[in-house]
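The values are calculated or read from the model by the stated rules, or taken from the named source; none is laboratory data. Everything numeric in this text was worked out from a predicted model, so none of it was measured. Only protein heavy atoms, including side chains, enter the accessible area calculation; ligands, DNA and RNA are left aside. Shrake-Rupley method; radii C 1.70, N 1.55, O 1.52, S 1.80 Å.
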Amino acid sequence: MEASSHDEFREFVAMRSTALLRLAVLLTGGDRHAAEDLLQIALMKAYGRWARIEQPEAYIRQIMYRQQVNRWRLRGHRAETTVPVLPESGTEGAEAGSELRIALWAALRRLTKRQRAVIVLRYFEDLPEAEVAALLRCPVGTVRSTAHRSLAKLRALVPELGPERPAEQVQALSYAAKEMRG
């Protein structure tokens, strides 16, 4: 790699690694160590092709989505156990929203990696179904059914969302995702 490409790569990593790490944390269900590994793998894969990459952030995000789904495929489903620690709240009005976000975060961790990837891409990244399908290399119907099943599982895990309020569920997911972005 040429020195100029190397410097461009270092500058990109310095500027965008925090945002990419947040995405990796979401994709891994909150596992910071796995998120760091996922981002590191994506950056390593991008480094060798850096001079030929036209849209580096999109390219790295795509590597992360595919790598996370491949981990799921290769290792099979592994049950994750989470123990949420509730922070003390100073205000009672904000407590209900905080509890919902904490419950939603814990429920997201219980989704499979593929389900989480679809939810993150659809509601965190706000991508249309066709783009999600292209990124995950699956049919649009698979994205729809996975999103449907994932939302149903979230509703079952977080009854406060309720089955009759899909628009509010999406809003709660988006709000939780934006809170995690910083």
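Largest accessible area first, the residues H33, H6 order themselves as H33, H6 under a 1.4 Å probe with ligands, DNA and RNA left out. If the segment from A58 to I102 were pulled out straight at 0.36 nm per residue, it would be longer than the present Cα-Cα gap by 12.9 nm.
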